[in-house]
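What follows is a single structure, written as structure tokens, with notes after it.
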Amino acid sequence: MADTTEHTYWNQLRKGNRAAFLSLYESYYQALYTFGCRVSTDRELVKDAIHELFCELWDRRFHLPEVTQIKSYLFTYLKRKLLKEQSFSFDSLQVTTPQPSERSYEEVLMDQQTDEGNRLRMQQLLTKLTPGQREMIRLRFYEQLSYESIAEQLQVQPRTVYNQISEALKTLRKHVQVLMSLLLFFLVR
């Protein structure tokens with residue numbers, strides 16, 4: 001895309017021009033996808049992050065900064081989004097340690113209690129979400145459905161699914177951070 005054309009589209013996007021927004025999306029999607037796949041091996045995560053990036057751009061269109069290097073801005077935005085998403089996953093809620101080939105009864109019992117504790121903590125975290133958000137989280141992360149499949153199954157727009165899951169993950173992150181702060185507070189004492 002020519003430098004002047006992309007700046008024109010960017011400035012029109014900042015004024016709420018939907019056609020300019022779509023032109024930026026179409027012009028940069030493939031380059032962002034290729035770049036994103038170098039940052040993360042999870043192709044679905046890359047697609048989701050690109051979609052969320054553009055949803056956030058549209059939502060904040062009237063507050064976007066004036067940008068001289070649009071491609072760099074979008075690549076940096078995507079990279080930060082991917083790294084942030086990768087740092088928080090449901091796997092990070094469980095502590096995994098290498099297991100020796102022969103384990104004592106006490107070790108097995110402790111592992112079962114730890115797994116049960118993690119499961120209960122996750123259930124408690126999920127109660128912080130709305131029923132709709134819990135259902136979408138279940139479908140996305142436990143049943144591994146795509147956003148489009150979830151939207152079709154729940155008879156809502158894909159954008160609704162993206163927004164609800166994004167809000168749910170923000171809520172979960174906030175509560176995980178509070179729990180970690182409390183844990184550190186009690187450990188330091």
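The values are calculated or read from the model by the stated rules, or taken from the named source; none is laboratory data. Computed from a predicted model, the values in this text were never measured in an experiment. Glycine also receives a Cβ, built like all others from the backbone with ideal geometry; neighbour counts cover every protein chain displayed. When the accessible area is computed, the model is the full protein with side chains, heavy atoms only, and any ligands, DNA or RNA have been set aside. Shrake-Rupley method; radii C 1.70, N 1.55, O 1.52, S 1.80 Å.
Quick notes on this one:
- Residue within the range 17-38 that is at pLDDT 90 or above, closer than 18 Å to residue 161 by Cα and open to solvent by 60 Å² or more (accessible area, probe 1.4 Å) present: no
- The listed residue being assigned to a helix (DSSP H, G or I), more than 25 Å from residue 42 (Cα to Cα), at pLDDT below 65 and out of contact with any Lys or Arg (no Cβ under 9 Å at 6 or more places or on another chain), out of 102, 106: 106
- Residues that are outside any helix (DSSP H, G or I) and either over 22 Å from residue 64 (Cα atoms) or out of contact with any helix residue (DSSP H, G or I) (no Cβ under 7 Å at 6 or more places or on another chain) (or both) within the range 14-49 comprise 15, 17, 40, 41, 42, listed in sequence order.
- Residue match in the range 60-73 (condition: modelled with pLDDT of 90 or more, touching a helix residue (DSSP H, G or I) at 6+ places or on another chain (Cβ under 6 Å) and in a helix (DSSP H, G or I)): yes
- A Cβ distance below 7 Å, combined with a sequence gap of six or more or placement on separate chains, defines the contacts here; from the range 49-62, residues that are surrounded by 14 or more Cβ atoms within 10 Å (Cβ to Cβ) reach residues that are basic (Lys, Arg) and modelled with pLDDT under 90 in the pairs 49/81; 52/81; 53/81.
- Residues of the range 114-146 satisfying the condition of being open to solvent by 60 Å² or more (accessible area, probe 1.4 Å), modelled with pLDDT of 85 or more and assigned to a loop (DSSP other than H, G, I, E, B): 127, 128, 130
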